[in-house]
Each structure stands twice: as structure tokens, then as C-alpha cells.
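Comments concern the structure below.
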Amino acid sequence: MGRTECLGVVAHGIVVTSISLSKSDVRRAMVRHHFAPCNTQHEAFNRLRSIQFDPIAPVGCNHDLVLQSRVKGYKIGDWQKLAYKERHIYDGWDKMASLVPFEGWPLRRYINDIGRRNFEQKIFVDHKDAVELILKEITDRGPMMPKDFEFQQHREEWKGSWFGPSVTKQTLRALWHSGLIMTSGRKSGQHLYDLTERVVPQHLRDEPVLEAKDAIRELVMERHRAMGMVRPSAAAEVWSYQVLMYDKLDAISELAKRGQIVPVMVEGVKAHATPEFLALLDQPSIKPRVAFIAPLDQFMWDRKMIAHVFGFDYTWEIYTPLVKRRWGYYVLPILFGDELVARAEFWNRNGVLELREWHFEQTLPKKPFWPALEKALNEFMHYGSATKTTVKDHIDPKVRDLFLGMSAE
């Protein structure tokens, strides 16, 4: 399996086992951890701990794409029933805006505390009247979008700021980030805000609030559970920036001492893995299939590790100026077996799935790839409720011919 064990020393002189892993071992375990098929959305959320929410939707949103790569038969928007009818997940803040199982809400009150501090002076002190009026309106009238509030106020000097010049909208965001209100539903993609006590079940609100140190440790553990293996030097966004970035090393050291994560070395790169992830090293590879991976999928969070292990250098070029883009606007990595073999950009509108970009990593994949691609494309059409396909002229002829031959099943 390409593994060796050695002894390493971590903080406070505690000796733990460090495991040396080969890239091939890690590729197989990562694919199994992330893409072993899930029977339900519940199973996917339980495995991933949260899914990053992003509203940009050329072919469904990021959270839709994460679920379609794991849950057979998933269709764009299916998550909303889970969130707003079954109340299994909620809109909140984890790694940026996210969909989180409700059982994870008590732990993430620490993130709300950080949010409250960020808005304290600007909103809770300087606009105390706005806070009171907005909370009263929600209490009296129930879930509302920002435009529905009688209280509407603007500050011209706020133009160009992240949430714009509306005092109403900025106050709502402050209340949302602080955990005083939550998203109870969406209308045309817009938040419907309601009081937290009317959204979160009582038994979860009754759970004791963790001390900051304990909450940080458990949130860092959540990252490891979600990703399976994480470099301590992973990018700041993996650690939700200020929420965990500055305290993560102490938390990682404590988790390693407890045996909840294990130091590993992947051909010269340091990381930590969960025991559950390491157990996958002794499991065979899952049946090879083609998967279209979301740009903000947990699998892609640590892009430097992906580059190291898979030889796949990925940049999400959505914010890159057109003239500087190499691959495309909203490009999805394409997995086959335990290799990232290509990247593609799709566009899905009015029942038509368009293939705008397709780039193989090296040479054309071997024969088993093509029937797996055909199956995946058929499932992708179902996911987007597409009945027709179209392809840009510059696409590789073999891919273009296969794609144009697709039809809804």
C-alpha cells in the first residue's frame, strides 16, 4: 500500500504515530471518502458536515453540484425540501455561507459570536434603533424578505460596501451573522428571515454553549471529518478565515494528542487525517465512474493538496478577467476512477445542456472512460432536467460527437 509508520513528537512532548503515505494510496482513499455513492441527501450531509452555498448557477449552484456527484437521481433544487420542509438542514455560516445539518447548529454558535463582534459597533451600537425595529417587525409579521419591511433606511456613504447602502439589509445581515435571525425559506432565491427561536428546534437551543477553546477544537475537527485529510497550512478559507485560522494549530495539536486525528506525510507534504479516513486505505477502490465535481466541493478545498496528490492544478476562474482565463468561467474538474482526467464548463438553460469548454489533462483516456462518460452525461442531463444538448465547435471531436448524441432518459 505504500505506507510506513514512524514516531513523531507533537506539542507538550506527547508522542504520536505519524504515517507516511504514497500519493496513490491517498488518491484511492480520497475518492472513496468523497465519492462513494450516497443513497440519500441525508447521508451526503452527514458525511460532508456542511455544503458551501453559492448562488451562481450556470448548471445548478455549487451546493447542487456537490450533491449530484454523490446522490443518485439528485436534481437541481432538491435540497430545498430538505431545508425548508423537512428541516434537516439550515442556511447558515460555516465555511462561508453553507447548508448545515441542524444537529451542527449548537456548535456553530461560536461562529455567530464572531459575527456579532464584527457588527457590534456599526450596527448594534450605531443603529440600535434599526435592530429593535427590524426584530419587532419579524416578531409581529413572521418571515420576510428585506423589501417587505416597513423600516427602510439608506446611508449614501455605504455605497460600494459589501452589503450596499441599505441600513435595512445591513442590519438583517448583522442579525443573521449574529444568530438572532435565520433563513426560514427562500423566495426567488431571496432570504426569508425569521427569528432563530422559530427555526431551530428547542432541544438544540437548550444545548449548553461551549467555551471558545472547545468550540474551535470541534470546528477544526469538523473540517477534518468533512475532508478526511487536511494540511494544517491549507488556505485561510478552509478555516473560515478569522473564525479558525489563528487558533487552528493549537486545536490540531490537541486533537492529535487525543487521537482524533493522526499526523501523516504524503510524499513530503504534512497533513492530518481522521482514523476513519485512514481505515479506507485498506479498502479496495470504488467502481470507477465519471464524476463532475463542484468548484467549491470539499474534495477541492485544499487545492495545493489536490495539485500534489492528483497533479491537477485548479483555479476557479469565475473572478478572473475574460482575457486572462485559461480554462473558462465556471469549470468543473472531472474525475474518472482515482484520476482527475479533464475539466469542463457546462451551461444549462431552458432544457438545453450546453458544453462550452472541455480540456483533457493529457492524452485521451483509455477505452473504459467513454462508456462511463456517456452514463455520467445522461445522469447530468437528468440532474438539470435537460432534454437537448449543444456543443461549441472547438470541443474535442470525440467528446462533441458523444455529447450531441445524448438524449433525455
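The values are calculated or read from the model by the stated rules, or taken from the named source; none is laboratory data. The shown structure was predicted, so the numbers you read here are calculated from the model rather than taken from an experiment. Positions of Cβ are backbone-derived with ideal geometry, glycine not excepted, and every protein chain shown enters the neighbour counts. Side chains are part of the model used for accessible areas, which takes the heavy atoms of the whole protein and leaves out ligands, DNA and RNA. Shrake-Rupley method; radii C 1.70, N 1.55, O 1.52, S 1.80 Å.
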task = Pairs only if they're at least six apart or on different chains, beta carbon under 7 angstrom, first in the range 23-42 and assigned to a helix (DSSP H, G or I), second at pLDDT 95 or above and among the polar types (S, T, N, Q); list them, first residue then second.
result = H34/Q298; F35/S69
request  = Look through the range 357-389, keep the residues that are free of Cβ contacts under 8 Å to residues at least 40 places away in the same chain and exposed (fewer than 13 other Cβ atoms within 10 Å of the Cβ), and return whichever of them is nearest to G73 (Cα to Cα).
outcome  = P371
Single residue of the range 81-119 satisfying the filter (in contact with a strand residue (DSSP E or B) (Cβ under 7 Å, 6 or more places away or on another chain) and over 25 Å from V220 (Cβ atoms)) that is most open to solvent (accessible area, probe 1.4 Å) = Y84
message = Please go through the range 186-208 and give me each residue that is under 23 Å from the mean Cα position of the chain (by Cα), loosely packed, with under 13 Cβ neighbours inside 10 Å and of a type in the set (D, E, K, R), ordered by number.
response = K187
inquiry  = Whether any residue in the range 120-135 is touching a residue at least 60 places away in the same chain (Cβ under 8 Å), surrounded by 14 or more Cβ atoms within 10 Å (Cβ to Cβ) and either over 24 Å from M245 (Cα atoms) or not β-branched (V, I, T) (or both) is what I want to check.
reply    = yes
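Please verify whether L65 is under 16 Å from S385 (Cβ atoms) and either in contact with a strand residue (DSSP E or B) (Cβ under 7 Å, 6 or more places away or on another chain) or not basic (K, R) (or both), treating the condition exactly as stated.
Details: under 16 Å from S385 (Cβ atoms): yes; either in contact with a strand residue (DSSP E or B) (Cβ under 7 Å, 6 or more places away or on another chain) or not basic (K, R) (or both): yes.
Criteria met by L65.
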remark   = Inside the range 174-185, the number of residues satisfying the requirement of being under 22 Å from the mean Cα position of the chain (by Cα) and either assigned to a helix (DSSP H, G or I) or over 18 Å from W105 (Cβ atoms) (or both) is 2
note = Those residues of the range 253-277 that are open to solvent by 10 Å² or more (accessible area, probe 1.4 Å) and touching a strand residue (DSSP E or B) at 6+ places or on another chain (Cβ under 8 Å) come to a total of 9
request  = Kindly indicate whether any position in the range 51-70 is over 21 Å from D302 (Cα atoms), among the polar types (S, T, N, Q), over 12 Å from the mean Cα position of the chain (by Cα) and modelled with pLDDT of 95 or more.
outcome  = no
